[in-house]
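The values are calculated or read from the model by the stated rules, or taken from the named source; none is laboratory data. As the structure is a computational prediction, the values presented were derived from the model and not from experiment. Cβ: placed from backbone, ideal geometry, glycine included. Neighbour counts: every protein chain shown.
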């Protein structure tokens, strides 16, 4: 029986990059009876999905820089968390409106946002993207989730992830990406966030990892637990809202623990830029404790 492309991909994952091919021959029935449910959808059998989950998980442990494998793992384990995340998202009118409109975030939105005042969500989002030299178009598309509704829920999470960075003034560095994963774990109960939170810190040195755990993990767990479900925020309707005002509305705060700014350069630089803009009157948002 011919092997499907997906099985070949998973076998490569499981071989862990070895020069020798994976010793177990992986074969599965092609999903010929299942038609795609949305553009880009790749229907999977139960065996294919399980194989993909194991393969992406094993290699993801060894190489936590592989964002494509993390995305694949999140989809292949989606049945364990995505229905509850969707339920939390639609528990409020704002989330239900998102599901009706199904907006997407891409680079076509950015030009008008550059004209907004500093301190607004839209302008600070653009500033964050430019600082990190990234664009909204780099997020992986959703492929392996059968339900179009749940597929959009996953897409929405991916496309709004960088807005969470903006909300908390977290730069695009490894320690702060890990901090945000802990927030997402606490806020949305995502298994892939748990995966990143457990294995990702081992990419830090031992001393830096200990400092990160003390400085960021308690804040991230508390913030995710006490704040509103972030994926259920209609960010596109809040571009002109001040980020400080938005944090107050969502019931979250940035990490203001004693000494944190001094120990984390990227975070300190973002906060110092904001303070300077406040002093010169260029920051439109209402003052917070900073």
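Listing for the model above:
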read-out: Options 213, 270; residue that is surrounded by 19 or more Cβ atoms within 10 Å (Cβ to Cβ) and out of contact with any helix residue (DSSP H, G or I) (no Cβ under 6 Å at 6 or more places or on another chain); value: 270
read-out: Residue match in region 232-243 (condition: at pLDDT below 95, farther than 25 Å from residue 154 by Cβ and either surrounded by fewer than 15 Cβ atoms within 10 Å (Cβ to Cβ) or not assigned by TED's automatic domain parsing to the domain that holds residue 127 (or both)); value: no
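Residues are listed down the side, and each one gets a yes or a no for (1) surrounded by 15 or more Cβ atoms within 10 Å (Cβ to Cβ); (2) part of a helix (DSSP H, G or I); (3) in the same structural domain as residue 155 (by TED's automatic domain parsing); (4) out of contact with any strand residue (DSSP E or B) (no Cβ under 6 Å at 6 or more places or on another chain):
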| site | (1), (2), (3), (4) |
| --- | --- |
| 196 | yes, yes, yes, yes |
| 207 | no, yes, yes, yes |
| 217 | yes, yes, yes, yes |
| 228 | yes, no, yes, yes |
| 253 | yes, no, yes, yes |
| 256 | no, no, yes, yes |
